[in-house]
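What follows is a single structure, written as structure tokens, with notes after it.
The values are calculated or read from the model by the stated rules, or taken from the named source; none is laboratory data. Because the structure is a prediction, the values reported are computed rather than measured. Cβ: placed from backbone, ideal geometry, glycine included. Neighbour counts: every protein chain shown. Calculation scope for accessible area: heavy atoms of the full protein, side chains included, ligands and nucleic acids excluded. Shrake-Rupley method; radii C 1.70, N 1.55, O 1.52, S 1.80 Å.
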Amino acid sequence: YGIGTALTLGAALLAAGWLVQTGGAGVPAAVLVVLLALAAAEPFAALRRGALEAGRTLLAARRLAPHWQAPQAGVVPACDAEPEGAPADGLALDLQQLSAAHPGALRSVLHGVSLRLAVGERVALVGASGAGKSTLMAVVAGEIAPQAGRCRRIAHCLLTQRSEVFQDDLRGNLLLAAPDASDAQLWAVLEAAGLATALRTRQAGLDTVLGEGGLGLSGGQLRRLALARLLLRDAPLWLLDEPTEALDAATARDVLERLCRAAAGHTLLIATHLRREAALADRLLQIQNGRLVADLRRGTAA
């Protein structure tokens with residue numbers, strides 16, 4: 001689209017200059033030619049955006065479709081994964097010989113992962129980019145179905161480095177986590193997340209309208225909004241995938257301090273490559289090439 005627009009405008013400028021130079025048209029007519037070239041490109045801008053949104057919508061539908069399909073009687077799933085359910089008493093998460101791949105991929109990303117988290121435990125999953133951290137978190141969150149093995153966990157909530165914010169007011173974005181929450185509850189979680197003070201300076205308050213993707217809030221404020229939704233959901237198992245990635249040091253430190261205070265009584269599984277995030281955990285798991293290769297308690301030697 002951009003190249004086509006530039007070429008069209010360039011051709012119009014050349015044509016207008018040639019017409020003026022040869023006397024085929026006056027300056028007003030030449031300007032009209034250029035303006036018409038600019039106006040002709042406007043309808044295609046909407047088509048370009050529509051094509052981009054259609055692609056994103058298709059990807060989202062593929063990701064969500066498995067959760068909409070009801071199991072059919074007599075149909076056996078085409079994988080060796082065991083049915084999901086609650087783990088044994090005292091456990092928040094129980095993975096046994098778990099293997100998984102991204103939808104449509106031919107190769108597995110996770111290979112025979114076994115892991116148990118006790119209720120109230122704080123565990124950091126560390127490893128290089130591409131090691132399988134986010135894939136494991138997606139399987140635990142239920143966004144990717146395992147190919148084989150077992151995944152059992154208690155009620156959970158996922159906080160990622162990308163804050164999904166919709167073109168709606170602030171109240172509507174918060175109510176996604178708890179549709180029946182009162183305004184008092186919304187302000188309470190905003191206060192706990194460190195966002196209330198900034199919002200009180202805005203006359204609209206909870207009625208503040210956010211643009212697509214959270215337009216109107218800074219990156220740090222978007223992460224605090226995501227934290228507020230996590231607190232509002234209050235699931236016993238928190239899955240934190242790079243929660244302070246791309247934040248400046250001061251904002252990241254404040255967000256982590258608030259997370260640590262709010263996490264009392266919760267079980268944490270944190271996927272990270274940052275020392276500041278791993279510091280929240282008392283147990284470190286190292287993942288490499290889709291396999292867990294180390295399991296260390298804080299204070300023990302490697």
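What number of residues in region 145-157 are within 24 Å of Glu277 (Cα to Cα), assigned to a loop (DSSP other than H, G, I, E, B) and in contact with a strand residue (DSSP E or B) (Cβ under 6 Å, 6 or more places away or on another chain)? Number satisfying all stated conditions: 1.
Scanning region 21-38 for residues that are open to solvent by 60 Å² or more (accessible area, probe 1.4 Å) and among the aliphatic types (A, V, I, L, M), we see that the one that is modelled with the lowest pLDDT is Leu38. Taking each residue of region 201-229 that is free of Cβ contacts under 8 Å to residues at least 24 places away in the same chain and within 13 Å of Asp169 (Cα to Cα) and looking for partners that are outside any loop (DSSP other than H, G, I, E, B) and of a type in the set (Phe, Trp, Tyr) with beta-carbon atoms closer than 8 Å, six or more apart or interchain, yields nothing.
Listed by first and then second residue, the pairs with beta-carbon distance under 7 Å, at least 6 apart or on different chains, first residue in region 21-49 and closer than 19 Å to Ile3 by Cβ, second open to solvent by 60 Å² or more (accessible area, probe 1.4 Å) and at pLDDT 75 or above, are Val34/Leu13.
Within region 120-148, the set of residues being of a type outside the set (A, V, I, L, M) and buried (at least 21 other Cβ atoms within 10 Å of the Cβ) comprises Gly127, Gly132, Lys133, Thr135, Pro146.
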